[in-house]
Amino acid sequence: MTLKYTCRTSLLLHLSQVVRKSGLTHAVQGKKPRKKNTIEITDCQAKMVVTLKEGDRWIVTSFEMQHNHALSPPGEAKYLRSHKHMTDHEKLLIRTLNSVKLPTRKIMTILAVIRGGLSAVPFTKKDVSNYKTAIRNETNQNDMMMVLDYFRKRQMQDPQFYYAFKVGDESKVENIFWVDGNSRRFYQLYGDCISFDTTYRTNMYNLPFAPFVGVTGHANNCLFACAILQNETIDTFTWLFQEFLLCMGGKMPQTIITDQDVAMKHAIPKVFKKTTHRNCLFHIKKKAEEKCARCFATKKMLHLEFNDVINRSQTEEEFESLWPAMLRKYNVEHIKYFQQMWEMRKQFVPVYFKKDFSPSYTRQQGVRAQMLYSKIMLDQHIA
């Protein structure tokens, strides 16, 4: 058996000719081709031939070291595959820095400082990025085992830590639910009103992150439980609410605040049968400002009266008389979203919930809480 190592320049030239002849350089017709570096054909004969002889011995049978072209400058040697080298210590350091979500450019800066300068690093930023991708692929293959190990460790540290998985077809995990002992104690004290939201998604798998959030007696946010869901269907929410109720010893909240998701609307009465369901006032008012921006811009006093009617109506009769009067006054009865707000008024206007416990709380607070929690928990191998 004989191995023949030819000059890299000749090989690149051959590949370049194949590409040009096949027409791949002009795949996009009608557009100006990008500038590319050209390589002059020199038919370099530099080579080394190694032959396997009897006794499993490799012998160099031919060696030609003279090139008929200029070699790559020393400063560009790191771009050659034969000169790229990443030590085990550097790989371990990249894993450590990647685990704390450090960007590639900053990792490259740290490695350059260790090596004594960027020119001394025998690999490029792209090589670091490729190694990070390889790490991510390793994680994707055993991510559920990492989550399970983490939950078991947490349960050993905190006996009140609770977690549950929903397994679908082919024994694949679809949903994850967890809550620690401190959150369970918070719920027993302040679980009369909860906010549930699924607008935030994890950055790696793009799955809905669903926190149950409340507010303490000192008006501070508190987290009751968390879940990562595969989808947002009625069955998924029903399973999640049942697990939440089981975890909390069967204690139902008096009020639950959500967005206008249809699946949530059908799942909540199935599980929280004695709970009042209301939609987030902040979310609906914000959507009104977006959909009716032109009306609010052209009718200067409309926005002020809009908030006054919703927030300061003392009785249901007062709201039901002031709202139509406001629409007639500013001639906006034909606006579709105002009509929709009137039809669903009993789901979000505060006056309809005067008999239900509902502290000064909006879904906006819940979003801030979930973002804080996601940075703490999801970055610790639960994403």
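The values are calculated or read from the model by the stated rules, or taken from the named source; none is laboratory data. As the structure is a prediction and not an experimental result, all values here were calculated from the model. Don't worry about glycine lacking a Cβ; one is built from the backbone with ideal geometry, like all the others, and counts go over all protein chains shown.
Inside the range 306-352, can you point out the residues that are of a type in the set (A, V, I, L, M, F, W, C) and within 12 Å of L281 (Cα to Cα)?
Within the range 306-352, the subset of a type in the set (A, V, I, L, M, F, W, C) is 306, 309-310, 319, 322-323, 325-327, 332, 335, 338, 341-342, 344, 348-349, 351.
Selection gives I310, M341, M344, F348, V349, V351.
Would you mind telling me which numbered condition in (1) within 22 Å of T255 (Cα to Cα); (2) surrounded by 19 or more Cβ atoms within 10 Å (Cβ to Cβ); (3) of a type in the set (A, V, I, L, M, F, W, C) F186 fails?
Checking F186 against (1) within 22 Å of T255 (Cα to Cα); (2) surrounded by 19 or more Cβ atoms within 10 Å (Cβ to Cβ); (3) of a type in the set (A, V, I, L, M, F, W, C), the one that fails is (2).
Determine which single condition K265 fails, assuming it passes every other condition in (1) in a strand (DSSP E or B); (2) more than 23 Å from Y163 (Cβ to Cβ); (3) not acidic (D, E).
The one condition K265 does not meet is (1).
Kindly establish whether T216 is among the polar types (S, T, N, Q) and surrounded by fewer than 13 Cβ atoms within 10 Å (Cβ to Cβ).
Yes.
Mind checking which residues of the range 191-206 are surrounded by 19 or more Cβ atoms within 10 Å (Cβ to Cβ) and not small (G, A, S)?
Once the filter is applied, which keeps residues that are surrounded by 19 or more Cβ atoms within 10 Å (Cβ to Cβ) and not small (G, A, S), the range 191-206 yields C193, I194, F196, D197, T198.
I'm checking my understanding of the structure. Among residues of the range 231-246 that are of a type outside the set (D, E, K, R) and touching a helix residue (DSSP H, G or I) at 6+ places or on another chain (Cβ under 7 Å), which one is surrounded by the most Cβ atoms within 10 Å (Cβ to Cβ)? Please lay out each step first, then the result.
Let us first name the residues in the range 231-246 that are of a type outside the set (D, E, K, R), namely 231, 233-234, 236-242, 244-246.
If we keep only those that are touching a helix residue (DSSP H, G or I) at 6+ places or on another chain (Cβ under 7 Å) too, we end up with 233-234, 237-238, 241-242, 245.
Values: T233: 13, I234: 14, F237: 27, T238: 16, F241: 21, Q242: 15, L245: 15.
So, considering only residues that are of a type outside the set (D, E, K, R) and touching a helix residue (DSSP H, G or I) at 6+ places or on another chain (Cβ under 7 Å), the one surrounded by the most Cβ atoms within 10 Å (Cβ to Cβ) is F237.
Quick grid of which residues meet (1) surrounded by 12 or more Cβ atoms within 10 Å (Cβ to Cβ); (2) among the small types (G, A, S); (3) assigned by TED's automatic domain parsing to the domain that holds E40; (4) in contact with a strand residue (DSSP E or B) (Cβ under 8 Å, 6 or more places away or on another chain):
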position: L80; (1), (2), (3), (4): no, no, no, no
position: L102; (1), (2), (3), (4): yes, no, no, no
position: A112; (1), (2), (3), (4): yes, yes, no, no
position: G117; (1), (2), (3), (4): no, yes, no, no
position: K126; (1), (2), (3), (4): no, no, no, no
position: I135; (1), (2), (3), (4): yes, no, no, no
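Yes/no matrix, rows are residues, columns are (1) out of contact with any strand residue (DSSP E or B) (no Cβ under 6 Å at 6 or more places or on another chain); (2) outside the structural domain of Q160 (by TED's automatic domain parsing):
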{"site": "T233", "(1), (2)": "yes, no"}
{"site": "L240", "(1), (2)": "no, no"}
{"site": "E243", "(1), (2)": "no, no"}
{"site": "L246", "(1), (2)": "yes, no"}
{"site": "M264", "(1), (2)": "no, no"}
{"site": "S313", "(1), (2)": "yes, yes"}
{"site": "I335", "(1), (2)": "yes, yes"}
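So, in the range 164-183, of the ones that are of a type outside the set (D, E, K, R) and buried (at least 19 other Cβ atoms within 10 Å of the Cβ), which residue ends up nearest to T236 (Cα to Cα)? Please lay out each step first, then the result.
Start the filter on the range 164-183 by keeping residues that are of a type outside the set (D, E, K, R), which leaves 164-165, 167-168, 171, 173, 175-179, 181-183.
Of the ones still in play, those that are also buried (at least 19 other Cβ atoms within 10 Å of the Cβ) are 175-179, 183.
Numbers: N175: 8, I176: 11, F177: 11, W178: 15, V179: 18, S183: 22 Å.
Across the range 164-183, the extreme among qualifying residues is N175.
Only one of (1) within 30 Å of P253 (Cα to Cα); (2) part of a loop (DSSP other than H, G, I, E, B) is not met by H334, so which one is it?
Checking H334 against (1) within 30 Å of P253 (Cα to Cα); (2) part of a loop (DSSP other than H, G, I, E, B), the one that fails is (1).
With (1) over 13 Å from V349 (Cβ atoms); (2) of a type in the set (D, E, K, R); (3) in contact with a strand residue (DSSP E or B) (Cβ under 6 Å, 6 or more places away or on another chain) as the list, and K300 as the residue in question, which single condition is left unmet?
(3)
Any residue at all in the range 235-249 that's over 23 Å from the mean Cα position of the chain (by Cα), at pLDDT 90 or above and of a type in the set (G, A, S)?
yes
Given the criteria under 43 Å from the mean Cα position of the chain (by Cα), modelled with pLDDT under 80 and within 30 Å of K125 (Cβ to Cβ), does L97 qualify? Spell out how you get there, then give the answer.
Numbers: under 43 Å from the mean Cα position of the chain (by Cα): yes; modelled with pLDDT under 80: no; within 30 Å of K125 (Cβ to Cβ): yes.
In short, no.
For K270, indicate whether it is under 27 Å from L189 (Cα atoms), part of a helix (DSSP H, G or I) and over 28 Å from the mean Cα position of the chain (by Cα).
Taking the combined requirement at face value, the residue satisfies it.
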